[in-house]
Amino acid sequence: MATPDAPESDRPTALAIRFARAAARMVANYALPPRCPGCGAVVAEDRQFCLPCWSSLDFLGDPCCASCSLPLPSAMPGESIHCGACLAEAPPFDGAPAVVAYGAVARTVALRLKYGRRTGHARLMAQLMARRLAALGPVEAMLLVPVPLHRWRLWSRGFNQAALVADELARLTGASRDYHLLRRVKATPSLRGRRRRERERVVAGAFALAVDARLRAAGRHLILIDDVHASGATLRAAARVLRRSGAARVSALTWARVVPDAATGNEFDIASLDSDMQGERMTG
């Protein structure tokens, strides 16, 4: 409906536009009904999971490591505790929350965004990431920094999935974003199947700051945005560079966090699915 103070003559036009849009949505939904981003089943609304897929998502939260957000089931909720890896070597970020554990549905959403060109999945991720972002501190101090792609990767893919998620987070929360504060200056091979130390060597020197980074980042809380936190090699390399910008804090936020299988010790096989993952494609 038109706003109450709209001219009387404008109201029929506004009503006609709204009716036409509603009719167009009905036709589109009949021809191309909304589908679950996890399995493709028909659902009631866009960016909505079906009940089985929603139920299968493992949402992360306390108790977890205060530095890397690895779940720590034996800790008390609200207790500030660190996992063994972060105690042995503190990460260069102040926190790295993720929405869900990396599983079949979370993986499908990430791959369909990255390789299937389902760019609408960026909004779905951001909607669920927004609450975790708010928990990191005042949004007014934040500057969202998507993990950049090297120009060759960007040209071949056509978009940076982390930048799309940052766009949607900024729209939902009002946070500022900066796509060029951090640059990827070295093309790196896939991290798939590599051990932790080898991953660290691969991404060493891959990132650099913009020339005027200190002016843009001084006193801000920088939030690295990416889709998947696996071994963390990419996030750590990027955060180390951002710490040289004069920012007050550096944190990270991702859609999914790879949680090592405690029963099998299969940490490195699972964590091979990093944000730099290559070789896997999903076109469905």
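Odds and ends about this structure:
- Taking only alpha carbon atoms, segment 183-247 gives an Rg to Rh ratio of 1.00, where Rh is the Kirkwood radius.
- Amide hydrogen proximity for Val258: with H placed 1.01 Å from N in the peptide plane, the residues at 5 or more positions away or on another chain lying under 5 Å are Tyr102, His229, Ala230.
- When the alpha carbon gyration tensor of segment 147-229 is reduced to an equivalent ellipsoid, its three semi-axes come out at 23, 16, 13 angstrom, largest first.
- Anisotropy class of segment 104-161 from Cα gyration tensor, a/c 1.5 cut: oblate
- Element breakdown for segment 82-125 at a 1.4 angstrom probe: carbon and sulfur atoms account for 50% of the accessible area.
- Amide H contacts under 5 Å for Leu144: Ser176, Arg177, Asp178, Ile223, restricted to partners 5 or more places along the chain or on a different chain, H placed in the peptide plane at 1.01 Å from N.
- Among Ser55, Ser251, the sequence by solvent-accessible area, most first, with a 1.4 Å probe is Ser55, Ser251.
- Semi-axis lengths (Å, descending) of the ellipsoid that matches the C-alpha gyration tensor of segment 93-195: 22, 18, 15
- For segment 119-263: rounded, prolate or oblate by the Cα gyration tensor [a/c cutoff 1.5]: rounded
- Of the GluC sites (Glu not before Pro) in segment 63-146, the ones in a loop by DSSP (not H, G, I, E or B) with at most 13 other beta carbons within 10 Å are Glu79, Glu89.
The values are calculated or read from the model by the stated rules, or taken from the named source; none is laboratory data. Just so it is clear, the structure is predicted and the values come from calculations on it, not from any experiment. Glycine also receives a Cβ, built like all others from the backbone with ideal geometry; neighbour counts cover every protein chain displayed. Note: accessible area is taken over every heavy atom of the protein model, side chains too, but ligands, DNA and RNA are not part of it. Shrake-Rupley method; radii C 1.70, N 1.55, O 1.52, S 1.80 Å.
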